[in-house]
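Working notes for the structure below.
Each value in this text was obtained by applying a stated rule to the coordinates, not by laboratory testing. Because the structure is a prediction, the values reported are computed rather than measured. Backbone-built Cβ (ideal geometry, glycine too); neighbour counts: all protein chains shown.
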Amino acid sequence: MTEHSITREFLLKHPLPMPQGETDKDSRGRVIVVGGNREVPGAVLLTGVSALRAGAGKVQIATVQSTAVALAVAMPEARVLGLSETPVGDIEPDNSEAILSCIQDEDAVVLGPGMMDDEAAGELAVALLSALDGPTFVIDAAALTGLRNSLASLKRHAGRVVITPHAGEMATFLGISKAAVMADPIEAARRAASASGAVVIMKGSCTHIASPQGEIWECRHGNVGLATSGSGDTLAGIIVGLLARGAHPLLAAQWAVYMHGEAGERLKADHGLLGYLAREIPSQIPKIMAGMAPVS
């Protein structure tokens, strides 16, 4: 199938939904971030901040008890739920009922930022995906690789999911070598999209987005400075924020990937190609969206 390029001109022809009429923070869009590990508590912070910067109205974070208070102070805009943790510091899978009590059908949910234990993250993701029917989802990091043997849990949400693997995570998800993924990232993205029913963002220097139908979009916008710790967490947050606003998964993926790359270009202009930080990406997003808003 033909590849399509994601450019500014393409996105201007495919605008994001905007709030209409009387709105409050709930109608602006609600996000639930599920993830974190006591060694990398900042991942969910980056994701949550990015979701708000992308236009969501409300964010909740479900994370491990040992970091919950610090996260709540660091992000006063969010409600933070502290949960029991595994010996390696991930969320215990038996916390699924507590998390489910916070999720409503119209929420957008991101699973996995900062999680490090594939088995625990996968078990938790299966429990949540099996119990929910209405929300849209972004599946990231260990939650994604932990689902590699539970694709039915993803398939039942076909059309409502975005997954965000880099080459190593894609290799684990598909059960092939990283070299094979890097040799043909488009084929890997198509395989994952077909197997999962999800929109797939195959991250790389050229990012490829695959629809479940096998269509491919490419985005070459951005630079090597984006290959930095926490950058993927910000991308996941931008996507889920756009989902919460009502963008369908493919549109959310296309806009998020482009804006993430544009943020990198703007930060390069300010700081140089190398050395800007993932925490600096979210603040660029509102300015980028404002510059691409339809003229009324």
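Beyond 15 Å, how much of the Cα-Cα pair distribution for the stretch 218-265 remains, as a whole percent? Looking at the stretch 218-265, the distances longer than 15 Å represent 41 percent of pairs. For the chain, the Kirkwood hydrodynamic radius comes to 18.7 Å, computed from all pairs of different C-alpha atoms.
Working from label points 7 Å from Cα in the Cα-to-Cβ sense, the GLU77 to GLU97 distance is 3.4 nm. The modelled label-to-label distance between LYS25 and VAL224, using points 7 Å beyond Cα along the C-beta direction, is 4.2 nm. In this Cβ point-charge picture (+1 for Lys and Arg, -1 for Asp and Glu), the stretch 122-267 has a dipole of about 180 debye about its Cα centre.
For the chain, averaging the sequence separation of C-alpha pairs within contact (under 8 Å, six or more residues apart) and dividing by the residue count gives a relative contact order of 21 percent. For LYS268, the lysines whose Cα comes closer than 24 Å to its Cα, not counting residues fewer than 8 places off in the same chain, are LYS203, LYS287. Sites listed here are trypsin sites (Lys or Arg not before Pro) in the stretch 1-81 whose DSSP assignment is loop and whose Cβ has at most 14 other Cβ atoms within 10 Å: LYS13.
Between THR7 and GLU187, the contour length at 0.36 nm per residue exceeds the Cα-Cα span by 62.6 nm. Summarised in one figure, the compactness ratio Rg/Rh of the stretch 172-262, Cα atoms and Kirkwood Rh, is 0.95.
Within the chain, DSSP assigns beta bridges of which about 25% are antiparallel (rounded to the nearest 5). Quick one: grab the alpha carbon gyration tensor of the stretch 1-123, order the square roots of its eigenvalues as a ≥ b ≥ c, and give me rounded if a/c is under 1.5, else prolate or oblate depending on whether a/b is larger than b/c. Here the stretch 1-123 falls in the prolate category.
Highest GNM mean-square fluctuation among ALA183, ALA72, ALA43, for the chain modelled with Cα contacts below 10 Å: ALA183. Taking all C-alpha pairs of the stretch 62-209, those more than 26 Å from each other amount to 26 percent. Charging the Cβ of each Asp and Glu at -1 and of each Lys and Arg at +1, and nothing else, the dipole of the chain about its Cα centre rounds to 760 debye.
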